[in-house]
Amino acid sequence: MLIHEAFGEGATIEEAFENALKELNADENKDVKKDVLELPSKKVLGLFGGSPARVRVWYEEQSSESAVDFLKNVLVAMGAENVNLTPEESEDGLNIKVECEDNSLLIGRHGDTLDALQYLTGLVANKGAEDYCRVSLDVGDYREKREKSLSGLARKLAFQVVKTGKSVTLEPMNPYERRIIHTTVQGIRGAKSSSIGEGADRKVVISLEDGFKPSGDRYNKGGRGGKYGNRGGYNKKDGHRYPPRDKKYDVVEKSEPAEPREPRSDLKGAFLYGKIESND
């Protein structure tokens, strides 16, 4: 709740109210209230003493109203055409959906312009307010699309870190976007995230959890041609031949059991397969 007020003086109460209303510059639709602070007093013998009337005029305004009015004036000054603002108040604060002919004008590069407008609108909404009001702006569902994009990127990079064990540093982001990255990475087993840098250069680093072994190691113990190698191989223990591992997947599926090998007909093969009897 914001209170707009102004004070006025005049030889009469009516004149004092007129001066105060001019200074207040309130819209005709506003419910302006008036208070008389001091009555006028006449001069003695028309020459000495006396004092003018002093009054106060004021009206109350919701934070959403002042924020919307401010934002609309700024957008018009920026050259935005056919602007439509839809404010929605919730427990989290004030959400304002903006629609205009050129959304890119209000979004800017990576949402920089939108973030600046949101910050300024938040300052206006909280000026003189007792309780903090969190303001969020969205143009053409940009916030929702950006959140899905960042969440997908965070998942992809987190799985990459878990597989390779190598940390990844993202580009600088604002607090809202960094929060999306942190929340997504928390759901990936083996990955963790932290922030480095100051101010506009603050960025997120995705790294491997302490004590967690990269998953890529468990699939390369057999070397290039072993049981879990990239080129596949034959395993005598279980009688299965393993196909080359597809790089897209981490799981190697077993193929059908390999056919038994025929005994070799040469002398070396005969010794190997017990075809030559001993003379002892």
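Considered as a group, the residues in the range 63-107 that are without any contact (Cβ under 8 Å) to a residue 24 or more places away in the chain and β-branched (Val, Ile, Thr) include one that is farthest from LEU137 (Cα to Cα), and that residue is VAL76. Per the listing LEU153, LEU120, the residue uniquely assigned by TED's automatic domain parsing to the domain that holds ASP102 and modelled with pLDDT of 90 or more is LEU120. Report yes if VAL135 is buried (at least 17 other Cβ atoms within 10 Å of the Cβ), in contact with a Ser or Thr (Cβ under 6 Å, 6 or more places away or on another chain) and modelled with pLDDT under 90, otherwise no. Yes: the conditions hold for VAL135. Of the residues ALA125, ALA191, the single one that is closer than 18 Å to ASP92 by Cα, surrounded by 17 or more Cβ atoms within 10 Å (Cβ to Cβ) and over 17 Å from the mean Cα position of the chain (by Cα) is ALA125. Could you list, in sequence order, the residues of the range 1-26 that are of a type outside the set (Gly, Ala, Ser), in a loop (DSSP other than H, G, I, E, B) and under 22 Å from LYS127 (Cβ atoms)? Listed by number, the residues that qualify are MET1, ASN25. Residue check: is VAL68 at pLDDT 85 or above, in contact with a strand residue (DSSP E or B) (Cβ under 7 Å, 6 or more places away or on another chain), more than 28 Å from PRO172 (Cβ to Cβ) and assigned by TED's automatic domain parsing to the domain that holds ALA6? No.
Scanning the range 144-158 for residues that are assigned to a loop (DSSP other than H, G, I, E, B), more than 22 Å from LEU120 (Cα to Cα) and either touching a residue at least 24 places away in the same chain (Cβ under 8 Å) or of a type in the set (A, V, I, L, M) (or both) turns up nothing. For GLY211, the conditions (1) at pLDDT 90 or above; (2) farther than 22 Å from LEU114 by Cα are fulfilled apart from (1). Condition check for ASP115 on (1) under 25 Å from ILE3 (Cβ atoms); (2) charged (D, E, K, R); (3) touching a strand residue (DSSP E or B) at 6+ places or on another chain (Cβ under 9 Å): one failure, at (1).
ALA129 - would you say it is at pLDDT below 85, under 30 Å from GLU171 (Cβ atoms) and not in a strand (DSSP E or B)? So ALA129 fails the test.
The values are calculated or read from the model by the stated rules, or taken from the named source; none is laboratory data. Note that the coordinates shown come from a computational prediction; the quantities given were computed from them, not determined experimentally. Cβ coordinates were reconstructed from backbone atoms using ideal geometry, including for glycine residues, and neighbour counts include every protein chain displayed.
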